[in-house]
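Remarks on the structure that follows.
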């Protein structure tokens with residue numbers, strides 16, 4: 001989004017870009033998808049969502065009553081025929097694909113389902129786009145874990161090899177390869193005048209924010225334990241991740257989609273949207289910071305049990321997005337944690353969470 005003179009200018013520019021646009025968003029009932037749905041609704045976009053039922057209780061999608069503010073189609077991306085019907089009916093100009101099996105530990109339990117969702121799901125989406133008319137921009141959201149991670153002490157750049165130790169990471173590497181293959185074969189930038197579709201992928205870091213209730217994720221585990229007045233069990237205290245508030249990558253996805261819509265093939269590539277280098281912190285630092293802002297919470301213990309392999313070191317190099325898109329993160333990790341605590345306190349007090357989310361988006365733009 002770049003650095004502009006004021007939050008009001010940002011909001012006006014973005015609203016003018018999205019108002020009335022027909023958007024097809026997969027994964028809208030999930031944590032990131034619900035936040036993006038709130039944002040797109042505030043911008044005046046006409047959103048059709050396609051996803052499974054909300055994956056958690058509570059869920060941000062239900063707390064914000066988003067089914068009343070958008071067209072919501074409950075369906076599985078593995079069902080190619082249903083996905084195609086929904087996309088064709090929506091007649092979208094912009095497609096953002098966020099539906100996924102998003103958890104590393106779940107992928108060890110259900111590897112086949114993970115690959116079916118994260119690989120064939122994106123194939124099904126691209127086949128639906130091929131059959132549609134009027135789609136101009138497609139963004140496939142993957143992850144920082146798509147890279148072949150050799151635990152080097154440096155940040156990953158977009159041109160580095162895809163890989164993945166575990167089924168989740170591997171499936172997202174596969175999703176990136178599928179994206180590149182479809183871009184080369186069916187949405188080639190050289191033939192843009194014929195097909196009219198600009199296709200890009202977006203890779204974010206460890207996304208955190210209010211309203212995430214997923215199992216086996218650090219911030220939700222802390223929040224659940226704190227609300228119950230229990231100590232949280234943490235694993236891999238020295239593991240380093242590129243932590244970022246959910247609004248950071250979402251702003252990147254929106255900006256990238258705008259660029260694809262306006263400028264077409266010039267931006268039809270892979271993009272990293274990660275935090276500043278100083279925000280790549282280890283797990284224990286995050287836990288201590290959270291409890292430092294929540295002094296009444298009981299604290300934490302180290303879980304000394306055996307756990308499936310997860311990468312120890314992850315960082316993203318977002319220099320390309322800064323240089324070519326004008327995008328840059330706005331909230332450092334301390335601010336992100338403060339926003340999570342504020343969101344959670346509002347939730348615990350029985351607040352109306354849609355205005356709370358909208359207020360945080362406005363604060364982010366400011």
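A few points about this structure:
Let's see how each residue does on (1) within 23 Å of residue 279 (Cα to Cα); (2) within 21 Å of the chain's Cα centre (by Cα):
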| site | (1), (2) |
| --- | --- |
| 129 | no, yes |
| 133 | no, no |
| 139 | no, yes |
| 143 | yes, yes |
| 148 | yes, yes |
| 152 | yes, no |
| 158 | yes, yes |
| 162 | no, yes |
| 166 | no, yes |
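- Matching option when the condition is buried (at least 22 other Cβ atoms within 10 Å of the Cβ), touching a strand residue (DSSP E or B) at 6+ places or on another chain (Cβ under 8 Å) and closer than 23 Å to residue 342 by Cα, among 233, 244: 244
- Taking the criterion of being buried (at least 16 other Cβ atoms within 10 Å of the Cβ) and either more than 17 Å from the chain's Cα centre (by Cα) or without any contact (Cβ under 8 Å) to a residue 40 or more places away in the chain (or both), the residues of the range 269-281 that qualify are 269, 279, 280, 281.
- Strands (runs of 3 or more DSSP E) fully within the range 53-170 counting 2 or more residues that are modelled with pLDDT of 95 or more, surrounded by 17 or more Cβ atoms within 10 Å (Cβ to Cβ) and in contact with a helix residue (DSSP H, G or I) (Cβ under 6 Å, 6 or more places away or on another chain): 94-97, 137-141
- Residues of the range 177-199 satisfying the condition of being closer than 16 Å to residue 142 by Cβ and surrounded by fewer than 22 Cβ atoms within 10 Å (Cβ to Cβ): 177, 178, 180, 181
- Here residue 314 meets the list (1) under 29 Å from residue 357 (Cα atoms); (2) crowded, with 16+ Cβ neighbours inside 10 Å; (3) at pLDDT 95 or above almost entirely, failing just condition (3).
- Note on the range 223-250: residues that are closer than 26 Å to residue 362 by Cα and either in a helix (DSSP H, G or I) or more than 21 Å from the chain's Cα centre (by Cα) (or both) amount to 5.
- Of all the numbered requirements in (1) in contact (Cβ under 8 Å) with a residue 60 or more places away in the chain; (2) within 28 Å of residue 167 (Cα to Cα), residue 264 misses one, and that requirement is (2).
- Boolean, residue 113 is within 21 Å of the chain's Cα centre (by Cα) and closer than 22 Å to residue 45 by Cβ: no
- From 364, 261, 300, residue being more than 30 Å from residue 107 (Cβ to Cβ) and surrounded by 20 or more Cβ atoms within 10 Å (Cβ to Cβ): 364
- Every residue from the range 146-168 that is touching a strand residue (DSSP E or B) at 6+ places or on another chain (Cβ under 8 Å), in contact (Cβ under 8 Å) with a residue 24 or more places away in the chain and over 22 Å from residue 323 (Cβ atoms): 148, 149, 151, 152, 153
The values are calculated or read from the model by the stated rules, or taken from the named source; none is laboratory data. This is a predicted model, so every value here is computed, not measured. All Cβ positions, glycine included, derive from the backbone under ideal geometry; neighbour counts span all protein chains shown.
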